[in-house]
Amino acid sequence: MKALKTIFRILWTLLKITGIAYVILFIVFFFDLDGKLLYTVVEPNLAAHYDRMERRDNTKMPYGKKDPVEAG
Amino acid sequence: MILKTFEGKEIPLKPKALWEAMGPKAKLKKFGGRVKSGAIKEKVKRTADAVVSTSLKKAVSDLWNGKPHGERRLGDLYIPGTGLYKHREWRGVKDTFYYFHMIWLYNYAHMVTDIMEYGNLPDFIKGTLRYRWMGQTYLTVMHWFDRGMEGLRGPALRGSAWHYRGMVSESIRQFQAMFAADKKLHGGKTNERWKKQIAHNETVSGCIFYPWRDYLDDVPLEMIPYFVTCHVNNHTVLNYIDAAQSIGLPADPCPMCQAEYGIFVLDDYPDFAPIMITSNEACDGSVATSVLQDWFLDRPLFAMPQPMRFDDPLVQEHCQREIEECWKFVEREMGIPFSWDQYVKYAESFNKLTEFEHEKWDVAANTPYYPINGVAQALYRIYYSQDGDRPIWHEIDKRVRKILEDTVEKKINTFPKTRHRVIAWSCAPLYYSNWCTWAYNCWGLNCVINMDSLMFDQMLRTDTYEHAIEDLAWFNEKAPMRAMAVGGHEHIFRLWEFMERFHCDMVVMYDQLQCKGMQGIHGMFEDEFRRRNIHAIWVPHALPDKRTVSRREIRQIINDYMTTVMHEEPLDPSLLDFEDGDSW
């Protein structure tokens, strides 16, 4: 009986956690909180990161490496 | 770290700066501004009117079923400028929770599982931090769903969302394939995956590589870095267009070609394969892309041009020989022989997708029960037919078939507020591919079919090698933009035939301002529209570049036509004019 009670208590706790997580996710979904976070924080910081990134200058690559094309 | 406000200001993520920008003083100032402008008064009045005029029965019905089309006021949901929602749309209990469970939660969860299935998490993180087109775009993917599916209900919501799901999954497969082999993410070293992949232009059909599908993976180089990003988050592509022009390349060719080589100028391309196959599709601008890619990639490259006047019988043999030369190039460079059996296997599998596409067109053309909206139809069709046979397309078609058959059997009118059946012709604005969702919600313009969907309409025979190569050449020539837009005026004028076939009474005629081929035939279209007494709305745009003609301007053009020529009233006046210049 005691073991059954423990199982029920664990199941009840799991149900409560799932229920709370579900409600939180629905709030995030309904109020577009995912979009707002991405727009206000994630995207501007990622864009700044890409702007700062050092990049190879591809135009420095010599163009004359290819074999000459024979006419005809 | 910075924080961007909805007004577009960037604030350092520090307590003092945040307090000054968003504290009570700033909020009070903003509120004062809204009181002065009368916005608060108007909102209070509208809410009071709504409360007074709504009975309890109506309120319960609106909660349970969602508001009827004319009362939704979808435009009020937007945060001005951003395209974000104050809150997502309440579509009634059933459809809101379908959206929450089967679209929002399902797709976020499957984005994670797909990343694990097609590659691994470390490569994904490295790729996200390395490539702008990756990090800045793919995190915003659920908003792409939102924009495409605004106002949809029932089977139309379900069918369209499955199409989007297919595209997301295939996109993840492609970028994970690139990242797994990418030399730039693996210390400049080549791995086994790198040796077994073929890179190709996004406009080279995946069908070309069927003879090696079980041994080699063909991955289109620009499909994810360029094409998909324009639809999902069009902020990204502007960097590449500007980069192309920054090294002195001209600004007047097609911006698609500019963006494609801009990726190389900015060194933002993954190095994931030992060889490259390019194409001249759809125009001479693409030839320039191939030349520049040949320079920047510096590896064996095969250029496989398609003839412009493709249905000239004299060019068929030539086009078939081009494909055979390409196959020889792959054999030579990759060391794996051509497999006829594999070609047959994948071509026959792909034919099943084409067969279902024909069934879909039949329902779209002849009934009001078609459960796919304009943007889902266009993007899914162009994506899978360009990409070639992949398991995800069959999985999606199976699901959509079930929805389609159910909708037809129950005779559910999927777009009940349709006032005009629209065909969209020529090349679409990639930054506003969801214009048709807006047009249906605002004006009842139901975009039944579009030109890009009608490309690649070619079954691939597999009974003999001669038939196979003949059909594959035709398939290759019927590629996007080539088959109709720049393939000769008799093809672009097939519009009249398709208008009749799909029972359309209106045309939305895209006017790609930097497409020289289409600009050349503009006047002839004007004449034909007048002669045939067809209602046609010209929609100017610059393909991926929203700075030339904004989305708001596109809406205004359609609004003007609907009020001044058609003398119609909008179904949802809140959607007539709103600012979304900074939206994804």
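So for the range B:268-286 (the condition being within 26 Å of residue B:541 (Cβ to Cβ), within 13 Å of another protein chain (Cβ to nearest Cβ), touching a residue at least 60 places away in the same chain (Cβ under 8 Å) and polar (S, T, N, Q)), does at least one residue qualify? No - not one qualifying residue is present in the range B:268-286.
Within the range B:276-286, the residues that satisfy the criterion of being outside any loop (DSSP other than H, G, I, E, B) and not small (Gly, Ala, Ser) are B:276, B:277, B:278, B:284. Only residues that are closer than 27 Å to residue B:235 by Cα, within 23 Å of the chain's Cα centre (by Cα) and not charged (D, E, K, R) were counted in the range B:86-112, giving 12. Restricted to the range B:301-324, and to residues there that are over 16 Å from residue B:468 (Cβ atoms) and of a type outside the set (A, V, I, L, M, F, W, C), the residue that is surrounded by the fewest Cβ atoms within 10 Å (Cβ to Cβ) is B:313.
Residues in the range B:569-578: is at least one over 26 Å from residue B:42 (Cα atoms) and in contact with a strand residue (DSSP E or B) (Cβ under 9 Å, 6 or more places away or on another chain)? Taking every residue of the range B:569-578 in turn, none turns out to be over 26 Å from residue B:42 (Cα atoms) and in contact with a strand residue (DSSP E or B) (Cβ under 9 Å, 6 or more places away or on another chain). Condition check for residue B:152 on (1) more than 14 Å from every other protein chain (Cβ to nearest Cβ); (2) assigned to a helix (DSSP H, G or I); (3) buried (at least 21 other Cβ atoms within 10 Å of the Cβ): one failure, at (2).
Scanning the range B:58-116 for residues that are surrounded by 14 or more Cβ atoms within 10 Å (Cβ to Cβ) and of a type in the set (Ser, Thr, Tyr) yields B:61, B:78, B:82, B:85, B:96, B:98, B:99, B:106, B:108. Name every residue in the range B:364-376 that is in a helix (DSSP H, G or I) and crowded, with 18+ Cβ neighbours inside 10 Å, in order of residue number. Within the range B:364-376, B:364, B:374, B:375, B:376 meet the criteria. Total residues in the range A:28-56 satisfying the condition of being more than 7 Å from chain B (Cβ to nearest Cβ), touching a helix residue (DSSP H, G or I) at 6+ places or on another chain (Cβ under 9 Å) and not in a helix (DSSP H, G or I): the figure is 1. Scanning the range B:547-584 for residues that are touching a Leu at 6+ places or on another chain (Cβ under 8 Å) and either in a loop (DSSP other than H, G, I, E, B) or β-branched (Val, Ile, Thr) (or both), we see that the one that is nearest to the other protein chains (Cβ to nearest Cβ) is B:583.
Scanning the range B:250-265 for residues that are among the aliphatic types (A, V, I, L, M) and in contact (Cβ under 8 Å) with a residue 40 or more places away in the chain turns up B:256, B:259, B:263.
Looking across the range B:117-133 at every residue that is without any contact (Cβ under 8 Å) to a residue 12 or more places away in the chain and within 22 Å of residue B:263 (Cβ to Cβ), the one that is surrounded by the most Cβ atoms within 10 Å (Cβ to Cβ) is identified as B:128.
Just one of B:104, B:162 is in contact with a Phe, Trp or Tyr (Cβ under 6 Å, 6 or more places away or on another chain), over 29 Å from residue B:243 (Cα atoms) and outside any loop (DSSP other than H, G, I, E, B); which is it? The match here is B:104.
Here, each number is a calculation from the coordinates, and none is a lab measurement. As the structure is a prediction and not an experimental result, all values here were calculated from the model. All Cβ positions, even for glycine, are placed from backbone atoms using ideal geometry, and neighbour counts span all protein chains on display.
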